[in-house]
Amino acid sequence: MDERLAHLRARFIARCRAELAIIEADDISDQDLQHMAHRAAGMAGTVGLKELGIAAAHLEDALLRGDQIAAARLAFLGVLRKITSDN
């Protein structure tokens with residue numbers, strides 16, 4: 001991974017840590033969570049975090065449909081926890 005991409009990945013993971021804390025505190029509206037998931041889905045693949053991108057896209061879709069939100073949220077949180085603890 002080149003230096004610029006590594007820096008971008010580190011910044012993205014730092015942002016994920018901050019967003020994880022907000023989600024875990026349950027201090028976020030569904031609309032804000034949808035925007036957060038949308039951003040994560042778009043950026044995750046760029047920085048090599050495909051699993052997060054998939055979980056984020058599923059959460060965004062669930063929030064848009066208003067269906068299976070709890071399961072998608074748990075899956076997204078699980079991946080967020082994993083990548084923030086591993087990096």
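The values are calculated or read from the model by the stated rules, or taken from the named source; none is laboratory data. This structure is a prediction, so every number in the text was calculated from the model and none was measured. In this analysis, Cβ positions are derived from the backbone assuming ideal geometry, glycine residues included, and neighbour counts consider all displayed protein chains. Heads up: the accessible areas ignore ligands, DNA and RNA and are worked out on the full protein's heavy atoms, side chains in. Shrake-Rupley method; radii C 1.70, N 1.55, O 1.52, S 1.80 Å.
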Selection count, region 44-87, where residues are open to solvent by 50 Å² or more (accessible area, probe 1.4 Å) and either under 30 Å from Asp2 (Cβ atoms) or assigned to a loop (DSSP other than H, G, I, E, B) (or both): 15
Tabulated pairs, region 28-41, first open to solvent by 50 Å² or more (accessible area, probe 1.4 Å), second charged (D, E, K, R) and part of a helix (DSSP H, G or I), C-beta under 9 angstrom, 6+ apart or interchain: His35/Glu60; His38/Glu60; Arg39/Arg15; Arg39/Glu19
Among (1) part of a helix (DSSP H, G or I); (2) modelled with pLDDT under 95; (3) in contact with a helix residue (DSSP H, G or I) (Cβ under 7 Å, 6 or more places away or on another chain) - the single one Ala40 does not satisfy: (2)
